[in-house]
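A quick write-up on the structure given underneath.
Each reported figure results from applying straightforward, stated rules to the coordinates on display, with no laboratory input. Since the structure is predicted, the reported quantities are computational estimates derived from the model, not experimental observations. Cβ: placed from backbone, ideal geometry, glycine included. Neighbour counts: every protein chain shown.
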Amino acid sequence: MITVFGSINMDLVANTPRLPKPGETVSGTGFATAAGGKGANQALAARRAGASVRMVGAVGPDAFAGPALDLLDKAGTDLSGVRHEDGPTGTALILVGGDGENMIAVVPGANGLVDVAQAEAAVSALSSTDLLMLQLEVPADAVEAALKAARARGVRTVLNTAPLTPEAAALAALADIVIANETEFELLTGTAQLAADAREALMLDMHRKSKQTLIVTLGGDGVVAAYEGALHRAKGLKIEPVDTVGAGDTFCGYLAASLDQGLDFDAALRRAAVAGSLACLKAGAQPSIPTAEDVAART
């Protein structure tokens with residue numbers, strides 16, 4: 001069983017031929033809305049990967065709340081941990097350029113009302129066979145409370161350090177598995193523009209000291225991880241990306257589900273990398289998340 005403690009958003013997505021420079025206006029070529037939020041995205045990815053998933057978070061009383069939860073509900077996600085708050089449902093304003101790269105601004109809304117009590121209540125229902133997955137789009141004190149409560153109960157935790165916040169390094173130290181992209185890893189460690197060999201040496205050194213599993217996603221170059229005293233690598237698929245929004249969340253959800261389902265680490269890493277690649281072939285965070293059958297066909 002996977003419990004995802006995190007954000008629930010509606011994504012407002014505009015397509016442009018290229019991303020604008022600061023102060024520049026560019027004409028759009030398309031617009032769509034889609035359910036999102038890193039927590040909800042990862043929950044849906046884990047559910048589509050075949051895991052039993054409970055979502056814990058918050059939405060508002062507005063018109064966005066239903067659509068934000070719709071795909072999770074249809075996928076059979078347990079939504080009993082989702083509270084309805086007075087604040088607006090969280091929103092993400094996303095620009096997607098013609099090369100598939102993106103820029104995102106997130107307005108927390110109800111996500112900012114997720115609190116320590118909700119975190120502790122969510123973890124109190126877990127056992128040592130469960131897995132708790134978190135990100136950084138809800139308040140840091142609630143994430144900290146969830147991580148500490150999980151450690152006390154012997155619950156394995158996965159923290160995706162996105163979006164990177166000032167508290168990220170301290171929170172990452174409390175997790176069993178830490179997932180970051182290249183930029184986040186450099187900011188977490190206070191390094192800049194690391195060559196691949198230097199990054200891997202640093203990952204191994206940190207892993208040996210902390211005993212944590214450290215995973216760094218590398219976009220089109222796949223993923224590298226420090227696990228059980230050694231480096232592990234996996235490649236995704238050779239693709240022409242349509243939209244990279246949600247690819248990292250798909251990776252996280254599929255990795256958590258694969259570990260929860262008992263796959264060995266290398267197989268879980270490869271499955272998650274393939275899923276992340278497939279998520280780049282469609283627009284939108286949640287609509288692009290592949291099914292387990294789609295991933296199996298390409299793994």
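Cross-link partners among lysines for residue 238, C-alpha distance below 21 Å, same-chain residues fewer than 8 apart left out? In chain and number order, the partners are 282.
Grab the DSSP H runs of the chain that are 4 residues or longer, score each as -39,500 (n - 2.57), total them, divide by all residues and round the 222 nm result to the nearest 500 deg cm²/dmol.
-10500 deg cm²/dmol
For the chain, the membrane-span-like helices by this rule, meaning whole DSSP H stretches whose C-alpha atoms cover at least 18 Å of axis and whose Kyte-Doolittle mean is 0.0 or above, are 140-153, 247-260, 265-278; this says nothing about an actual membrane. A straight line joining the Cα centroids of the range 204-272 and the range 65-129 runs 23 Å. The residues packed around residue 220, meaning those with a beta-carbon under 10 Å from its beta-carbon, carry a net charge of +1 if Lys and Arg are +1 and Asp and Glu are -1.
One decimal place: the segment residue 101-residue 167 gains 21.1 nm when fully extended, by the rule 0.36 nm per residue minus the C-alpha distance. Distant-in-sequence amide contacts of residue 181, defined by a placed amide H-H separation under 5 Å and a gap of 5 or more residues or a different chain, comprise 217. Put simply, the amide H of residue 81, placed in the peptide plane, has neighbours under 5 Å in 55, leaving out anything fewer than 5 places away on its chain.
Taking the fewest neighbouring Cβ atoms within 10 Å as the starting point, the ordered list for 133, 206 is 206, 133.
With neighbours defined as other Cβ atoms within 10 Å of a residue's Cβ, the residues 207, 232, 84 order from fewest to most as 84, 232, 207.
In the range 175-251, Cα pairs under 8 Å separated by at least six residues give a relative contact order of 27 percent.
In nm, give the distance between the simple-model label positions of residue 233 and residue 151, each being 7 Å from the Cα along the Cα-to-Cβ direction. Going by the 7 Å Cα→Cβ label model, 3.3 nm.
Excluding same-chain neighbours fewer than eight residues apart, the lysines reachable from residue 211 by a Cα-Cα span under 22 Å are 148.
Below 8 Å, C-alpha to C-alpha, sequence gap of six or more: please give me the relative contact order for the range 2-298 in percent.
19
Stretching the chain fully between residue 14 and residue 26 yields a gain of 3.2 nm (0.36 nm per residue, less the alpha carbon separation). By the count of other C-beta atoms within 10 Å, a proxy for reagent exposure, 177, 289, 239, 2 are ordered fewest to most as 239, 177, 2, 289.
Output the relative contact order of the range 170-218, whole-number percent, from Cα pairs under 8 angstrom with separation of 6+ residues.
Answer for the range 170-218 is 61 percent.
Toward the positive end of the charge dipole of the chain, with +1 on the Cβ of Lys and Arg and -1 on the Cβ of Asp and Glu, the farthest Cα among 299, 236, 6 is that of 299.
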